[in-house]
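Note sheet for the following structure.
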Amino acid sequence: MSRIGPKSISDEILDTLQLDAPPCPIDEVILKILVAKPNLTIDPYEKAQSWSDRVLRYLQTHWNDFIENDRQPKIAFNSSSGYMIQGPCFIEPEVDSEEVKEQKRRRVYWKDYYNTLRRLDHKEFEVLCKKMLGLLGVKSPVVTQYSADEGIDFYGHLSLADLLGQGSIFPTFESSLKVWLVGQAKHYVKTKVATPDIRDLVGAVSLGRAKVFGSPKENKYQDLEIRVCDPVFMLFFTTGEISSFGWNLLKRSGVVAMNGEMVAAFLADKKIGIIETGTEVQFNYSEFKQWLVS
């Protein structure tokens with residue numbers, strides 16, 4: 001058995017806390033974990049009290065880091081007391097706005113999405129990434145061929161007019177403000193994305209902009225027409241995790257990434273595969289797969 005301490009306790013809380021768990025004092029949470037341990041040689045009541053502040057600091061660091069980097073946190077703190085922890089999707093009726101309540105109702109299924117992502121094969125995940133561009137407003141997203149894709153798996157472009165919903169008949173100034181979204185998909189279950197993967201994407205997009213490919217086909221990706229001054233967002237989506245060095249490189253380079261949990265949260269926000277029956281809302285795997293292949 002691994003050594004029990006504040007760090008291992010905080011890790012266990014992050015791994016096991018239900019997304020909609022109601023608020024509970026941190027010492028009670030620690031005590032519940034300790035008394036469930038077999039062959040415990042320490043006093044659980046004494047340790048629950050003495051470790052509570054250190055466990056809270058670990059959990060606060062998790063919250064701050066995940067929120068700062070636009071990731072889905074695995075715990076939250078009750079608005080009435082920082083000593084009370086709760087599931088990140090627990091709804092506080094008197095505090096949360098209707099918008100926040102609705103997002104929490106969607107996000108409560110993000111683990112279902114996460115488990116579903118891990119069941120996809122590599123080709124299905126690339127198709128999913130293309131479909132995600134569509135959810136972002138890209139009208140005709142493209143997924144490249146599975147092999148010999150030159151390091152680019154999906155791409156498309158949209159205009160400011162698309163984002164603003166200005167679907168007018170005649171061209172507007174906003175229509176000329178276009179941005180490209182070009183990305184790479186990595187279906188990893190156990191392997192972590194590292195800095196070489198991210199550098200490969202940056203190099204692939206730079207070569208794609210210049211129309212320089214290793215393939216003998218001169219007209220490869222004819223619709224990937226990135227002009228010299230066109231802005232480009234480089235996207236890196238994975239079903240797995242990203243190493244700490246990988247996150248540092250992403251943050252400093254401007255490459256926009258989502259790990260498996262972030263992709264799951266994104267899909268939850270878009271309510272993909274959700275079936276609503278009256279007041280009942282639940283995730284349905286078959287509905288999700290039907291959307292994926294449609």
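Only the coordinates and a few stated rules stand behind these numbers; no lab work does. None of these values were measured; they are calculated from a predicted model. Positions of Cβ are backbone-derived with ideal geometry, glycine not excepted, and every protein chain shown enters the neighbour counts.
Taking every C-alpha pair closer than 8 Å and separated by at least 6 residues, the mean separation divided by the residue count of the chain gives a relative contact order of 16 percent. L160 sits among other residues whose Cβ lies under 10 Å from its own Cβ, and their net charge, with Lys and Arg +1 and Asp and Glu -1, is -1.
Working from Cα pairs under 8 Å separated by at least six residues, relative contact order for the stretch 6-97 is 42 percent. Taking 25 Å as R0, compute the FRET efficiency from the Cβ-Cβ separation of R3 and F245 and round it to 0.05. Calculated value: 0.40.
Taking label points 7 Å from Cα along the Cα-to-Cβ direction, V281 and K123 give a separation of 3.4 nm. Structure remark: mean-square fluctuation, Gaussian network model of the chain, C-alpha springs under 10 Å; the largest value among I91, I152, I67 belongs to I67.
Ordering D27, D20 from the fewest to the most neighbouring beta carbons within 10 Å gives D20, D27.
Distance between the C-alpha centres of the stretch 270-287 and the stretch 91-135: 11 Å, rounded to the whole angstrom.
When the chain is treated as a Gaussian network with alpha carbon springs shorter than 10 Å, the biggest mean-square fluctuation among E102, E276, E94 belongs to E94. With the convex hull drawn around the C-alpha atoms of the chain, the volume per residue stands at 179 Å³.
Sorted on the mean count of surrounding Cβ atoms within 10 Å across their residues, most packed first, peptides 238-251, 68-81 read 238-251, 68-81. Applying a DSSP loop filter and a limit of 14 other Cβ atoms within 10 Å to the trypsin sites (Lys or Arg not before Pro) in the stretch 100-149 leaves K139. Of all aspartates and glutamates in the structure, the ones whose alpha carbon falls short of 19 Å from that of K32, not counting any fewer than 8 places away in one chain, are D11, E12, D15, D20, D43, E46, D53.
Residues H62, H157, arranged from fewest to most other Cβ atoms within 10 angstrom of their Cβ, appear as H62, H157.
For the chain, adding -39500 (n - 2.57) for each run of n ≥ 4 DSSP H residues and dividing by the number of residues yields -13000 deg cm²/dmol at 222 nm.
Spacing of the modelled spin labels on S97 and V179, each 7 Å from Cα toward Cβ, amounts to 2.2 nm. Shape class for the stretch 6-97, computed from the alpha carbon gyration tensor (a ≥ b ≥ c): prolate, with a/c not under 1.5 and a/b above b/c. Please give the residues of the stretch 173-202, grouped as numeric ranges, whose backbone N is less than 12 Å from a label point set 7 Å along the Cα-to-Cβ vector of D11. None, by backbone N distance to the label point.
Residues of the stretch 1-31 with backbone nitrogen within less than 17 Å of a virtual label 7 Å along the Cα-to-Cβ line of Q49, please, listed as ranges. Backbone N within reach: 25-31.
Could you tell me which of rounded, prolate or oblate describes the stretch 87-235, using a ≥ b ≥ c as the square roots of the eigenvalues of the alpha-carbon gyration tensor, with rounded for a/c under 1.5 and, failing that, prolate when a/b is larger than b/c and oblate otherwise? The shape class here is oblate.
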